[in-house]
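Written below as structure tokens is the structure these notes are about.
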Amino acid sequence: MSSSKMETEDCKSILENFLLQTLEVNLIRLQWQDYAGVIRAISKPRAIVMDQILSGQPFEAGEAALSHGYDGSVLPPTPNRHYYHMYPDFSSLRLTPDSKTAVLMCELKHVEPGYLLDENDELCPRRALLAAVKALDKKFDYSCTVTFEVEFLVMRKEGKFHRAFESLRLGESTTSSLRDPLFEHVEECIAHLQSQGVSILEVRGGGRKGQFQMLLFPLRPVQAVDQLVFVHETLKTVFASHGYVVCMLSNPFGNSLDAGEESDFVHPCLNVHLSRSQKNRDKEDKFFAGIFKRLPSICAFCLPHRLSYRKQDESDDELTFWQMRPRLIPIRWLESWEIPCVDGTANMYLALTAILKAGYLGLLNSEPSVGPEYDPQDNKKLAKDEQLPQCLNDALRALQKTKNLSIDGFRSSMIDHYIQIKRHEMYRDAVYDDIDKEEEVRIVNFS
């Protein structure tokens, strides 16, 4: 039996066993995350999916699958735009909270009628992350696990989006936050996530009204991001069913939008922890030196929106939030490194690929280790290409100038496409001005 036929039989067996245990499932959702960080999906009846798997017929995603801006606009057609085939990963198979739809994360392959394109033209973020993990393991025997600490704000709509002010603001990790009426819905989310194999290490109230934090179990990079996507979607779905919305953006209001009775600065909505190497600390030093050196470029992926850089006030001398914290923070009790300059709305397949590739280059070039602590007041004393970006445009310039993440598995074509998407979004924001700031917050947070 050929390997492809064996894979088809394995997929069929996995799906059949799953569906036998979930008879209420009517639809199977094939989904992917685009360059704007938006989860996109095509739902098909279960019988159709089974037939396509058995026949070997690919699932099609359309030509604009990876060409949308955050507002739903599409890049103008280009000569090299082709259709995509979707290849579901059955290890990601899970149920939605209503138990009526099964969800599969997919990889995308860029195709032209009659043949697959060259690997250099591949644009799939998930495939890029897989390649980055394999490259690190193959060349340097280096691997790590990823732990996500998900932070989210629960809000409700009353004309504009507001925080859920039923919450008591008494500081982080208080028992009062666990008595909050909203926590009942957090528990509902946890129950469903655990039923679908998501391991949660801890849950606590955040330091803001309506804010909660959830620490997920460490996993290998691709599986960790698959899990993160599922957690985000579950939180949004469950709270929406109760009339609330969940915010993943680091600073949704700033001073320019109405946040109700307060407009304070909000903690980042995603903390990323990379495990420390127990085998070889010398490799670890070089790996994180590579990340440290390339943070300005990495920020283009980790802080993907104009709103990601909103300042605490409008003073030209005020540093962005990310410049008020160390660039890399060693968390000893977790035996991990925290990378704080990450926004909860980022496409983490792309962001983690950029982070791992930066570490790869640190190992490849045997780059000297650097101290993790960073004094933000010294930012202006650093060389210009070492300074953290003040805005998305700065981050994109750093990425475009260096292209220093473009190696195997993370092609220059992917970086060019990402920059093109972001420039397209910025152009629409500046020229068309067809969405106001309130609408921009809504789209970025809740899509």
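Just a few scattered comments:
- Sites L27 and K157 - FRET efficiency at Förster radius 41 Å, r taken between beta-carbons, to 0.05: 0.90
- Unsatisfied cross-links (Cα-Cα over 32 Å) in the set K236/K401; K157/K422; K109/K157; K134/K293: K236/K401; K109/K157
- Highest to lowest packing among 230-236, 42-48, scored as the average C-beta count within 10 Å: 230-236, 42-48
Coordinate-derived values only; no laboratory data. Just so it is clear, the model here is predicted, and its values are computed rather than measured. Heads up, the Cβs are rebuilt from the backbone with ideal geometry, glycines too, and the neighbour counts pull from every protein chain shown.
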